[in-house]
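To keep things clear, I will list the structure first and then write my remarks on it.
What follows draws every value from the coordinates through simple rules; no lab data is involved. What you are looking at is a predicted structure, and each value in this text was computed from that prediction instead of being measured. Cβ placement follows ideal geometry from the backbone for every residue including glycine, while neighbour counts extend to all protein chains displayed.
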Amino acid sequence: MLLLSGSVLRLLSLVVLLPDGFCGDRFFRKCHIGCRVISVTFHFVLKHILLSLKTMEEAVRNLLKPYMDKPTHKARPDLIVEDGFLVDPATGLLHGQYLELDANNGNYCPIYFYNRSWRFIGLFHRHGIHIRDQAQALTTFEALECVWEKQKQKYNRTYFLTQTLILREIVTRLGIASLGLERRPISDLRRYTAQIKIFNDLWDAVF
């Protein structure tokens, strides 16, 4: 802030031709008081703005603290995902649930159901299986599952096949209309080929 003395004001009065009778000292005192009031007000407002921002930052930080401080679990590259669960392909051991909340756009959460038929029914809405075709698809699935339970010891596999793969093969072979099943449900070609081989064997036993 630039404060002008009375002598400087008198010098300026010669330049800008201030009117006669102009009192520089009185003018300076009024300007000084006005500037002090403006300065104090500005600092008061700025202080409260900064305090408000700091309070808001602390509130947001406290709100997010449970999520920010949550330890991250390193994914194990040797585990594979089977129907929403992490499985060790070498031992067949189940290592817990694998949640993909953004990918599950159906009206169900399949990990809540351990009955295979109920979990399979959950795929109908997601993939647009018409209600008139659902009974046929479910009956076929349960027939395949029954054969699997009877002869699964002959396969080098601990758990049943991926349900999306089963649904894709059923609707394709029975000519049932569906949505979102055009692409291969298992990206790994080796795993996909191994499951298709088992599926073909089960299919031949049913039909």
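Per residue, the convex hull around the alpha carbon atoms of segment 80-206 comes to 109 Å³. Residue separation of T91 and S117 scaled by 0.36 nm, minus their Cα-Cα distance, works out to 6.8 nm of gained length. Applying 0.36 nm per residue to the separation of L53 and L179 and subtracting their alpha-carbon distance, the gain on full extension is 40.4 nm.
Model label points for V147 and Y98, set 7 angstrom from Cα along the Cα-to-Cβ axis, are 2.6 nm apart. On the basis of the beta-carbon distance and an R0 of 22 Å, K154 and F207 show a calculated FRET efficiency of 0.75. Residues in segment 144-160 carry Karplus couplings, in order, of 5, 5, 4, 5, 4, 5, 7, 10, 5, 5, 7, 9, 8, 7, 8, 10, 5 Hz; the curve used is 6.51 cos²θ - 1.76 cosθ + 1.60 with θ = phi - 60°, and Gly or Pro positions show x.
Please list, in order, the residues from segment 132-174 whose amide nitrogen is less than 18 Å from a point placed 7 Å along the Cα→Cβ vector of I196. Correct set: 161-174. Under a 5 Å amide H cut-off, with hydrogens placed 1.01 Å from N, H95 pairs with L86, V87, D88 among residues at least 5 apart or on other chains. Given the Cα-Cα distance of I38 and H125 and 0.36 nm per residue of separation, how much length would full extension add, in nm? So the extension gain works out to 24.6 nm.
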